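Note sheet for the following structure.
The values are calculated or read from the model by the stated rules, or taken from the named source; none is laboratory data. Note that the coordinates shown come from a computational prediction; the quantities given were computed from them, not determined experimentally. All Cβ positions, even for glycine, are placed from backbone atoms using ideal geometry, and neighbour counts span all protein chains on display. In case anyone asks, the SASA skips ligands and DNA or RNA and just uses the protein heavy atoms, side chains included. Shrake-Rupley method; radii C 1.70, N 1.55, O 1.52, S 1.80 Å.
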Amino acid sequence: MEGYEEYLIEGRNAVIEAIRAGKDIDKLYVLDGCQDGPIVTIKREARKTDAIIKYVTKERLDQLSSTGHHQGVIAQAAAYNYSEVDDILAEAEQKGEPPFIFLLDGIEDPHNLGAIIRTANIAGAHGVIIPKNRAVGLTATVNRASAGALNYTKVAKVTNIGKTIDELKDKGIWFVCADMDGQVMYSQNLTGPIGLVIGNEGDGVSRLVREKCDYVTSIPMKGEIESLNASVAAGVLAYEIVRQRMYGK
């Protein structure tokens, strides 16, 4: 759990106050089977947020705890508060630029997420969208790996990446996803309002999300290794988008 301790909130009063204060909670670890009043209240309040509730053993809570006084509940809070998708669109409008958004379909490695947020910032993207489930959130490790970019880059967390793509399509944004079976990126028009979809480190972009994308694009591979690290692939594709924005297709 290296890098998480700073953002673990332990104990019933501390957790309920953090939730009620509007702190973004990524995960709530609750002692399995515990049904007393304070725990019921915490779970009720947590369900009003995007927090994922995990029921775990006392041994697991003891392992996570740094204080030894967790009282059956530990919250893993985000290092930074999340933005809304509309905040990302507003950023593009404020700058007078067509939206450029990263959508990450299940990035699990915090170092990859941090590196991608750093790339998004440097490439001039207006924000990053990540899913609520089966993906890493804004942990302390992500913050360090972003080299400070998390201070300047809006990150939104959504329940369903596919539904978010549909909603953004209605706003005129089109989507390109990275996949080895796609058309080589140099032959595609990557200008205009665009969402760049990067998949999970092992499985890539999920089938349902891929089917919603307007284009599937690939990076030329000349060596013996068959694929790039997710954050490196994001950087390569992002800068082809940057090149086309600056100089045209």
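Based on the convex hull around the alpha carbon atoms, segment 187-239 presents an average projected area of 4.3 nm². Solvent exposure of the chain, expressed per residue, is 49 Å² of accessible area, with all protein chains present and a 1.4 angstrom probe.
Students often check this: by mean Cβ neighbours within 10 Å, which of 117-126, 53-62 ranks highest, and how do the rest follow? Don't skip to the answer; put the middle values down first.
Numbers: 117-126: 21.6, 53-62: 13.0.
Ranking, from highest mean packing down: 117-126, 53-62.
If I model segment 22-91 as equal point scatterers sitting on the Cα atoms and use the Debye formula, what is log10 I(q)/I(0) at q = 0.12, 0.23, 0.28 Å⁻¹? Ignoring solvent entirely, the Cα scatterers give -0.38, -1.03, -1.33. Modelled spin labels at Thr49 and Asp166, positioned 7 Å past Cα toward Cβ, are 2.8 nm from each other. Average projection, convex hull of the Cα set of segment 94-249: 8.9 square nanometres.
Cross-link partners of Lys212 among lysines, defined as those whose alpha carbon lies under 26 angstrom from its own and excluding same-chain residues fewer than eight positions apart: Lys132, Lys154, Lys157, Lys163, Lys169, Lys171, Lys249. A Förster radius of 41 Å, combined with the Cβ-Cβ distance separating Asp214 from Arg144, puts the computed FRET efficiency at roughly 0.75. Please work out the C-alpha center-to-center distance from segment 118-163 to segment 41-82 and express it in whole Å. Result: 22 Å between the Cα centres.
Assuming R0 = 25 Å, what is the FRET efficiency of Gln63 and Val40, from their Cβ-Cβ distance, to the nearest 0.05?
Numbers: r = 24 Å, r/R0 = 0.97.
Efficiency for this residue pair is about 0.55.
The calculated pair-distance distribution of segment 1-142 uses every alpha carbon pair, bins of 10 angstrom beginning at 0, and gives 11, 37, 30, 15, 5, 0 percent.
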